[in-house]
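What follows is a set of notes on a single structure, which appears directly below.
The values are calculated or read from the model by the stated rules, or taken from the named source; none is laboratory data. Please read all numbers here as calculations on a predicted model, not as lab measurements. Please note: Cβ atoms are built from the backbone with ideal geometry, for glycine as well, and neighbour counts cover all protein chains shown.
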Amino acid sequence: MYQADKRRYDAMAYNRVGRSGLRLPYVSLGLWHNFGSQFPHDNSREMVLGAFDLGITHFDLANNYGPIPGSAETTFGRILKEDLAPYRDELIISTKSGYLMWEGPYGEWGSRKQMLASLDQSLKRMGLEYVDIFYAHRPDPETPLEETMGALAQALRQGKALYVGISNYGPERAAQAIDLLRQMGIHCLIHQPRYNILDRTPEEGLYQLLAEKGVGAIPFSPLAQGLLTNRYLGGIPADSRAAGKSMFLNPNQIDEATLNKISALNQIAQARGQSLAQMAISWLHKDPVTSSVIIGASRLSQIRDCIKAQEAPAFSAQELQAIDEAAGF
Ligand code: NDP
């Protein structure tokens, strides 16, 4: 029987999420890769329980995480049932709906039908009565935004979600979504964008908007799927995401130009006394709009490495400039 580490809250920092009552850990764990039914359950369990023992209270899922789509939620549901059930009130569990999940016209995007049916499926797979955060996973160009935001509001009013958020929305659409929710009496808790040292898109208006609206940000792929780590410094390891474990990180992306950037960034990290992964995480936290970052992992040792990012010294102006130059900005 699993017993959580009694010292699990001693070292982790918890940041307030925008203008809300919720605080999230400096580092959260995402289950996009390595937690589906094609991966050994023992390793998934070791990572989730190990993360919780380190003070990671937030686990990020989505309806389609696998492979097979849905199976990461099933894995997480099993860990909840067998190990984490006594700790439910210490956990922030999120899920999302919007990407392709089932056949036919209601299996993806942002209709009320899709969003609410998908949430019911997610709750069933995880064996939960409610999730803590329910996201619209991506903007739907064809469904009226009122309908998608209305579905989030309905999930909240039904008690199936405690908070709502949006992901992958550009600044203009995000502003409309946040305002629509506000008109329904609901504060949009959080936005989940892709943001890392190599992808600065949220700096083009999104972060400023979130600061103004009091909405927190929780960047995904903070390590650029592993590029911003020591993983690829000496080539492509056979057990890595780029070595064919995923269709989302192509080995062709690890070209000479990218390798040059990574090794220059690694040198800056080393001079700061950090691993590259740690520097990539603390770099995102330099802006207080960042409430938490969602890392992925294939083994517990990576999670242990990442959480040490919070021990980092503040960045000097020269270091920030050197990072920009190394990353090509
Ligand atoms: P990261 O950028 O953190 O990449 C994770 C990968 O980096 C790991 O699988 C591992 O690669 C490698 N890694 C992690 N830590 C270390 C370390 N300390 N040292 C060396 N290598 C390390 O994140 P992901 O791209 O996995 O995304 C994280 C989460 O964000 C997802 O699980 C999901 O919850 C969320 N997300 C949301 C999206 C959205 O649309 N809202 C889209 C994508 C992700 P390896 O497996 O090769 O060992």
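Take Ala280 and tell me if it is assigned to a helix (DSSP H, G or I) and touching a strand residue (DSSP E or B) at 6+ places or on another chain (Cβ under 9 Å). So that I can check it myself, show each step before the final result.
Numbers: assigned to a helix (DSSP H, G or I): yes; touching a strand residue (DSSP E or B) at 6+ places or on another chain (Cβ under 9 Å): yes.
Spelling it out, Ala280 is indeed assigned to a helix (DSSP H, G or I) and touching a strand residue (DSSP E or B) at 6+ places or on another chain (Cβ under 9 Å).
Close contacts from the stretch 22-41, counting a first residue that is among the aromatic types (Phe, Trp, Tyr) and a second that is in a loop (DSSP other than H, G, I, E, B) and away from the ligand (no atom under 13 Å from the Cβ), with Cβ to Cβ under 8 Å and a gap of 6+ residues or different chains, come to Tyr26/Met12; Tyr26/Ala13; Tyr26/His285. Which condition number in (1) within 13 Å of the ligand (Cβ to nearest atom); (2) crowded, with 22+ Cβ neighbours inside 10 Å is the one that Ala238 fails? All conditions are met except number (2). When we screen Phe35, Phe39, Phe76 for residues that are in a helix (DSSP H, G or I) and within 14 Å of the ligand (Cβ to nearest atom), the only hit is Phe76. Among the numbered conditions (1) out of contact with any strand residue (DSSP E or B) (no Cβ under 8 Å at 6 or more places or on another chain); (2) closer than 21 Å to Trp32 by Cα; (3) surrounded by 13 or more Cβ atoms within 10 Å (Cβ to Cβ); (4) among the small types (Gly, Ala, Ser), the only one that Ser263 does not meet is (2). The listed residues are Thr148, Thr95, and the only one of them that is polar (S, T, N, Q), touching an Asp or Glu at 6+ places or on another chain (Cβ under 9 Å), at pLDDT 95 or above and not in a helix (DSSP H, G or I) turns out to be Thr95. Are there any pairs, at least 6 apart or on different chains, whose C-beta atoms fall under 7 Å, with the first in the stretch 180-195 and surrounded by 15 or more Cβ atoms within 10 Å (Cβ to Cβ) and the second charged (D, E, K, R), and if so, which? Pairs that qualify, where the first residue is surrounded by 15 or more Cβ atoms within 10 Å (Cβ to Cβ) and the partner is charged (D, E, K, R), are Leu180/Glu146. Residues that are out of contact with any Cys (no Cβ under 7 Å at 6 or more places or on another chain), within 13 Å of the ligand (Cβ to nearest atom) and in contact (Cβ under 8 Å) with a residue 40 or more places away in the chain: does the stretch 260-272 have at least one? No, every residue in the stretch 260-272 fails to be out of contact with any Cys (no Cβ under 7 Å at 6 or more places or on another chain), within 13 Å of the ligand (Cβ to nearest atom) and in contact (Cβ under 8 Å) with a residue 40 or more places away in the chain. Of all residues in the stretch 125-147, exactly one satisfies the criterion of being of a type in the set (Lys, Arg) and over 20 Å from Thr75 (Cα atoms), namely Arg138. Would you be able to tell me the number of residues in the stretch 217-232 that are more than 6 Å from the ligand (Cβ to nearest atom) and free of Cβ contacts under 8 Å to residues at least 40 places away in the same chain? So the answer is 2.
Residues checked against (1) surrounded by 20 or more Cβ atoms within 10 Å (Cβ to Cβ); (2) over 18 Å from the mean Cα position of the chain (by Cα):
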position: Gln38; (1), (2): no, yes
position: Met47; (1), (2): yes, no
position: Asp53; (1), (2): no, yes
position: Gly66; (1), (2): yes, no
position: Pro69; (1), (2): no, no
position: Glu73; (1), (2): yes, no
position: Ile93; (1), (2): yes, no
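Please determine, by comparing only the residues of the stretch 156-174 that are more than 21 Å from the chain's Cα centre (by Cα) and not charged (D, E, K, R), which one is farthest from Ile93 (Cα to Cα).
So, considering only residues that are more than 21 Å from the chain's Cα centre (by Cα) and not charged (D, E, K, R), the one farthest from Ile93 (Cα to Cα) is Gln158.
Among the residues of the stretch 293-316, those that are in contact (Cβ under 8 Å) with a residue 12 or more places away in the chain, of a type in the set (S, T, N, Q) and near the ligand (Cβ under 9 Å from one of its atoms) comprise Ser298, Gln302.
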